[in-house]
Amino acid sequence: MRQRAVPALLITLLVVLQAQLWFGRGSLPNVAQLRSDLVQQNARNELARQTNSQMEAEVRDLVDGLEMVEEKARMELGMVKTNEIFVQYSRPGAVK
């Protein structure tokens, strides 16, 4: 009786392990689905990175553009911001 129990136990364990491999939490189909999901998520992340980079570039352009406009207004039009004091000096001997 004992001699037949050992192979039956081993076969039962083999069946349980195979069932886990094919139908359990870490089964092959489950892992394949997770890999597919990962590929799709990586694609969405890359698209989001590209969108973020484009938006950062647009913000930098806007900031730099506003700085250039402000610089031009200060130099050519004498713009002074609120709470600023405008000081103008001339070099001795400079002809205007």
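Looking at (1) farther than 30 Å from GLN88 by Cβ; (2) modelled with pLDDT of 80 or more, can you tell me which one GLY65 breaks?
In the conditions (1) farther than 30 Å from GLN88 by Cβ; (2) modelled with pLDDT of 80 or more, GLY65 misses (1) alone.
Which condition from (1) surrounded by fewer than 10 Cβ atoms within 10 Å (Cβ to Cβ); (2) outside any loop (DSSP other than H, G, I, E, B); (3) not polar (S, T, N, Q) is the one that PHE86 breaks?
(2)
Given the residues GLU71, GLU76, GLU46, GLU67, which is the only one that is of a type in the set (Asp, Glu) and loosely packed, with under 10 Cβ neighbours inside 10 Å? Lay out the reasoning, then the answer.
Values: GLU71 fails: loosely packed, with under 10 Cβ neighbours inside 10 Å; GLU46 fails: loosely packed, with under 10 Cβ neighbours inside 10 Å; GLU67 fails: loosely packed, with under 10 Cβ neighbours inside 10 Å.
Only one candidate passes the filter, namely GLU76.
Just wondering, is there one or more residues in the stretch 74-83 that are more than 21 Å from the chain's Cα centre (by Cα), in a helix (DSSP H, G or I), at negative phi and polar (S, T, N, Q)? Give the derivation first.
Filtering the stretch 74-83 for residues more than 21 Å from the chain's Cα centre (by Cα) gives 74-83.
Right, trim to in a helix (DSSP H, G or I) and you get 74-77.
Restricting the remaining residues to those that are at negative phi gives 74-77.
From what's left, polar (S, T, N, Q): none.
Among the residues of the stretch 74-83, not one is more than 21 Å from the chain's Cα centre (by Cα), in a helix (DSSP H, G or I), at negative phi and polar (S, T, N, Q), which makes the answer no.
State whether one or more residues within the stretch 14-27 are assigned to a helix (DSSP H, G or I) and either among the polar types (S, T, N, Q) or touching a Phe, Trp or Tyr at 6+ places or on another chain (Cβ under 9 Å) (or both). Give the steps one after another, and end with the answer.
Pass one, the stretch 14-27, residues assigned to a helix (DSSP H, G or I): 14-23.
Now restrict to residues that are either among the polar types (S, T, N, Q) or touching a Phe, Trp or Tyr at 6+ places or on another chain (Cβ under 9 Å) (or both): 18, 20.
There is at least one residue in the stretch 14-27 that is assigned to a helix (DSSP H, G or I) and either among the polar types (S, T, N, Q) or touching a Phe, Trp or Tyr at 6+ places or on another chain (Cβ under 9 Å) (or both).
The values are calculated or read from the model by the stated rules, or taken from the named source; none is laboratory data. As the structure is a computational prediction, the values presented were derived from the model and not from experiment. Virtual Cβ from ideal backbone geometry, glycine too; neighbours counted across all protein chains shown.
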